[in-house]
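What follows is a short report on a single structure.
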Amino acid sequence: MSKPFDYSKWDNIELSDDEEDVHPNIDRESWFRMKHRSRVEREDHEDKDKKRIKDEIEKASQRIKMLERDMKKINKQKEEDSDSDDDDLDDTEAIKIEIEELQTQNRQRQAKLDDYEKNKKWNVDNMFEVKEERTVINESAGKTNYTPSGYAQSTVTGESVKKQFEETDKKETADAKPAAKTEAAPVKPAAGPAKPAASAAGPSKPPQPRKTDASEVDSDPNFVYTYHEFTEKYADLCEEFMAIKAFEESKEFLLKHGDILLQEHASNYLLLASLEDEMNGFRDKMKQTCKQSQIVTNIAELAKGWNTHPGNAIAPFFSRMEQRDFLQGFIEGLEIFQQKIISRAVTKRMEMDQQRKTGVSEQGVDLNEIPLEERLGPGGLDPLEVVASLPVELQEAFESRDVEQLKKALLNMSQKDAEYHMKRCVDSGLWQAG
């Protein structure tokens, strides 16, 4: 059975702020300061006395060692020379007496040191001592993982993204192989006007974004997603965050996914989503998206002021939101932001209406976005139906708006076919006669 730990040394703990011995007529604070000063002075005196005793013990020990060496020399000489005189004997006796005296003095000194240690009073200054001190430096402490505007930087590397896109390309290629074996039958040219394609009757789907090729991704460790690549990968996560209504749930979600949602691309996604909701007539959804957008923006602004990663500002931001003044300020800022979105949506609609009236824009007009009754040409034909029925050469000419290419395509056709297609282009409004 192991020996129990001895706690007796903790029985004699001295407290400077002990109130048991304070006289009612004495100020407590002054009494505490006096006791503390007396304890410090007593300990300094004891430390000096201990140091003096240890020095004396060290000197006496060295003297004893020297005398013992002399004793050995005398004894050796006695063994070698049997005719030694009485003087050597006297020297030996004197050395023995001195050694015994020094040893007695050292024992007394050591007893005094033991007495000091036995009667030592423990206090806050001597109960503990530092055994080891170390300074650990983080090698990444000087690196910043946030932008000057306060948003988080992407944590991915170019090499990892490149591997992701390579795996996606392989999967799409494998899925496309079975479909590639089935070839479509050649389509015979129609003698009369072609029937409109099924997709031309209704609004067309928005153009699909171009897939990122793995060869286009840089392997630089400081790689950053483009906005298209970011939305392609994290759009669902942004949509999930947009639907959260409670502040506490938003806080937990940001603490879990803040490295993604606190990036500038995510902020831009929320901004564009709120504008799109307003333009589509979803006012309540727009307000909800604006609220989530402002949460991200305010956290980024707070982190920018502190010059830190926005993840470090999540908890402080939501703590401030529990205070009435900060919450009121957030609501007022949110209302101003919502009004800006509403105003921008009105301006955007006016720009789109103007483009529809002129039929021309910098990038061209998507006819699928114009109602059927508004896009009919002077001859009552739908330009989408007419474009779908044109030969490939004429379609390419109209899409590129190249007059020379249009003339060349018409010259390669018979006069009858050229007149037929051009008349339909005039009746649909694709071409202005004269």
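Scan the stretch 280-289 residue by residue and report those that are assigned to a helix (DSSP H, G or I) and open to solvent by 30 Å² or more (accessible area, probe 1.4 Å).
ARG283, ASP284, LYS285, LYS287, GLN288 - these are the residues of the stretch 280-289 that are assigned to a helix (DSSP H, G or I) and open to solvent by 30 Å² or more (accessible area, probe 1.4 Å).
Among the residues that make up the stretch 421-433, is at least one of them surrounded by fewer than 14 Cβ atoms within 10 Å (Cβ to Cβ) and at pLDDT below 80?
yes
Tell me, please, whether a residue that is under 20 Å from the mean Cα position of the chain (by Cα), more than 16 Å from PHE330 (Cβ to Cβ) and free of Cβ contacts under 8 Å to residues at least 40 places away in the same chain can be found in the stretch 271-294. Even if it seems obvious, please write down each step before you answer.
Applying the first criterion (under 20 Å from the mean Cα position of the chain (by Cα)) to the stretch 271-294 yields 292-294.
Filter again for more than 16 Å from PHE330 (Cβ to Cβ), leaving none.
Looking for residues that are under 20 Å from the mean Cα position of the chain (by Cα), more than 16 Å from PHE330 (Cβ to Cβ) and free of Cβ contacts under 8 Å to residues at least 40 places away in the same chain, one finds none in the stretch 271-294, hence no.
Suppose we filter ARG63, ARG39 for residues that are among the basic types (Lys, Arg), touching a Leu at 6+ places or on another chain (Cβ under 9 Å), surrounded by 11 or more Cβ atoms within 10 Å (Cβ to Cβ) and part of a helix (DSSP H, G or I); which single one remains?
After applying the criteria, what remains is ARG63.
For the condition modelled with pLDDT under 90, part of a helix (DSSP H, G or I) and of a type in the set (Asp, Glu), what is the one hit in GLU232, GLU240, GLU248, GLU252?
Criteria check complete, one pass: GLU232.
Under 8 Å between Cβ atoms, at least 6 apart or on separate chains: pull out the pairs that start in the stretch 31-48 with a residue that is closer than 14 Å to LYS121 by Cα and charged (D, E, K, R) and end on any residue that is open to solvent by less than 80 Å² (accessible area, probe 1.4 Å) and part of a helix (DSSP H, G or I).
Note: pairs meeting the criteria are GLU46/TYR116.
Across the stretch 258-279, what is the number of residues that are over 18 Å from PHE337 (Cα atoms) and open to solvent by 40 Å² or more (accessible area, probe 1.4 Å)?
The number of residues fulfilling the criteria is 2.
Being under 16 Å from PHE317 (Cβ atoms) and touching a residue at least 60 places away in the same chain (Cβ under 8 Å) is the filter; apply it to the stretch 223-249 and report the residue that is surrounded by the fewest Cβ atoms within 10 Å (Cβ to Cβ). Before you say what the answer is, go through the steps one by one.
So the first thing to find is which residues in the stretch 223-249 are under 16 Å from PHE317 (Cβ atoms), and the list is 241, 244, 246-249.
Next, only the ones that are touching a residue at least 60 places away in the same chain (Cβ under 8 Å) stay: 247-248.
Details: PHE247: 16, GLU248: 10.
The qualifying residue surrounded by the fewest Cβ atoms within 10 Å (Cβ to Cβ) is GLU248.
So, in the stretch 392-420, exactly how many residues are hydroxyl-bearing (Ser, Thr, Tyr) and either open to solvent by less than 60 Å² (accessible area, probe 1.4 Å) or more than 54 Å from the chain's Cα centre (by Cα) (or both)?
Total meeting the criteria: 2.
The values are calculated or read from the model by the stated rules, or taken from the named source; none is laboratory data. Note that the structure is predicted; figures quoted are calculated from it, not measured. Note that we place each Cβ from the backbone using ideal geometry, even for glycine, and neighbour counts take in every protein chain shown. Ligands, DNA and RNA are excluded from the accessible area calculation, which covers all protein heavy atoms including side chains. Shrake-Rupley method; radii C 1.70, N 1.55, O 1.52, S 1.80 Å.
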